[in-house]
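Nothing in this text is a laboratory measurement; each read-out follows from the coordinates by a stated rule. Small disclaimer: the values here were computed from a predicted structure and weren't measured. No Cβ is skipped: glycine too gets one built from the backbone with ideal geometry, and neighbour counts run over all protein chains shown.
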Amino acid sequence: MRRPRPIPLAVAVLAVVAIPVFCALMAVRIARYNKAEPRVVYVFGEIEPATFTYAGREIAITERPAPRPGEYPTLHVAYGDQSFSLPMTLAPRPHAEQVPGLLSYGDWMKVVRFAPITGRTLEELEQAIHAGEERDRLALVTRSVRPGANPETWGRVWRKDWIFDFYEFMPDGSITHDRFAYPTARSAAAAQKRRESEGGIPELDSRSWQFQAADLLMPEGSAPRIIAGDSPLVAASWTFPAAILSVFTATAALLVAFAPARPAAPAGT
């Protein structure tokens, strides 16, 4: 067996040594990023009855006839002494009257109770809520498509036009309202630019509870990917490509180091 070529072998050894070094540096950077920018995971429970109680106040959601012919019905939402009207953004499901409670509106609207579960089990979260150490929250979430778009065809394809509204029912009896657009930007700077050009509606932040709640209303396969600007790999910076390059360098150098020698040319040729 022929001896390996010394220079390619030395390069391969250096590259192999560099791989765990770059990986360790990358792990440290990602750990620091996750500690400074933690991604909180929420658990959601969908409310089915149209009338229920939250924070000692009754919430009633009732359907009212369309204000004009050709338009969709509206929902009247009452929370204690607060109320608002909610136009349907999608046509009612066929035989919606046979679907109990709020489930008939599930294509475009859901009412959810939620709380952060990061770092604990569901049982531990329930114990924290019962002990008053954690507050579960309640919100009504809607998804709107481009006006006039068929929700079963173009309404599914034109995801960039989706708008999400969030009505959170506060323990003091008030209702907060926020509106976000479907996230499409590749970075925070791009999201800001798009917001300024499209009327000031911010895009969903992948680290927010709104992002996770909006996902419940998106048809299968239409949920956005986490944009690059929110990925922990951003914190890895140069260590990630350096680790990949080290792997390729080690592989290529080993192939060259142990490549068989070319057969000698016959004498006289």
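Computed from the C-beta positions of THR53 and GLU123, the FRET efficiency with R₀ = 30 Å rounds to 0.80.
Can you give the net charge of the other residues whose Cβ lies under 12 Å from the Cβ of GLU48, counting K and R as +1 and D and E as -1? So the surrounding residues net to +1. Remark on VAL43: its backbone amide H falls under 5 Å from those of ALA115, ILE117, a criterion applied only to residues 5 or more positions apart or on other chains, H modelled at 1.01 Å from N. Here region 1-88 has an Rg and Dmax of 31.3, 89 Å, counting Cα atoms alone.
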